Amino acid sequence: MIKNFVRGKTAVFIDSANIYFSQKSMGWRIDFKKLIDYFRKETDLFRLGFYGAINPENAKERKFHDFLEIIGYIVKHKEIKFIKDQKNGGNGGHHKGNVDVDIAIDAVHFRDNYDTCVLLSGDGDFESLFKYLKSFGKRCIVISASGHISFELIRQAKFIDFKKLRSEIEMK
């Protein structure tokens, strides 16, 4: 299905945090082995990058990232940080591990090596990246779940809803 929209070499960039929340709302999970096989079958794949934050003490997360590298993903991760806030006497906070800048840098750095950029994210922060890539003649595609895709990305790229790929990439 995606082969109808790509042109030439294809680079895929996965925003893991965004995809994690999309999966929760969709009610089904992506099989990342099926996903890479899908892109290999449907595109002339130049690069498939998986970008995420990792808790180095979480063996399950490390094992998953290792698995992705073994099957062919380029995995880039940064250590998750705990950001304290002043609520609850300064004992509150949240975990953070934003990789948007890492994705954007790689998309720009490798731009001369691909013709189509596929982004698995719905984050509107990528609007500027798509505008930039399109100024160099790149075709831009965004894959996300409806309800998790920003209007800004829909304006800049061909939007493909995960539900259209479910039969190809769902974990059974």
Query raised in the report: In segment 132-164, how many are outside any strand (DSSP E or B), without any contact (Cβ under 8 Å) to a residue 24 or more places away in the chain and either surrounded by 15 or more Cβ atoms within 10 Å (Cβ to Cβ) or of a type in the set (Gly, Ala, Ser) (or both)?
Result: 4
Query raised in the report: Within segment 148-165, can one find any residue that is under 16 Å from PHE13 (Cα atoms), more than 12 Å from the chain's Cα centre (by Cα) and among the hydroxyl-bearing types (Ser, Thr, Tyr)?
Result: no
Report task. Hey, can you tell me all the residues within segment 74-108 that are more than 26 Å from GLU61 (Cβ to Cβ) and at pLDDT 95 or above? Result -> VAL108
Query raised in the report: Using beta carbons and a limit of 7 Å, which pairs, at least six apart or on different chains, have the first residue in segment 40-63 and within 17 Å of HIS109 (Cβ to Cβ) and the second one modelled with pLDDT under 95 and β-branched (Val, Ile, Thr)?
Result: TYR51/VAL99
Query raised in the report: How many of the residues making up segment 100-131 are part of a helix (DSSP H, G or I), within 15 Å of the chain's Cα centre (by Cα) and within 22 Å of GLU42 (Cβ to Cβ)?
Result: 5
Report summary line: Quick count over segment 38-57, residues being assigned to a helix (DSSP H, G or I) and surrounded by 15 or more Cβ atoms within 10 Å (Cβ to Cβ), is 3
Query raised in the report: Which one is most open to solvent (accessible area, probe 1.4 Å) among residues in segment 1-37 that are of a type in the set (Ser, Thr, Tyr) and either in a strand (DSSP E or B) or within 23 Å of PHE130 (Cα to Cα) (or both)?
Result: TYR20
**Report entry** Criterion: more than 15 Å from LEU120 (Cβ to Cβ), out of contact with any Cys (no Cβ under 7 Å at 6 or more places or on another chain) and at pLDDT 95 or above - qualifying residue of ILE54, ILE71, ILE14
**Finding:** ILE71
Query raised in the report: Within the set of pairs 6+ apart or on separate chains, which have a first residue in segment 117-131 that is open to solvent by 20 Å² or more (accessible area, probe 1.4 Å), a second that is assigned to a strand (DSSP E or B), and C-beta atoms under 8 Å apart?
Result: ASP123/ASP15
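The values are calculated or read from the model by the stated rules, or taken from the named source; none is laboratory data. Given the structure is predicted, the values throughout are model-derived calculations rather than measurements. Heads up, the Cβs are rebuilt from the backbone with ideal geometry, glycines too, and the neighbour counts pull from every protein chain shown. When the accessible area is computed, the model is the full protein with side chains, heavy atoms only, and any ligands, DNA or RNA have been set aside. Shrake-Rupley method; radii C 1.70, N 1.55, O 1.52, S 1.80 Å.
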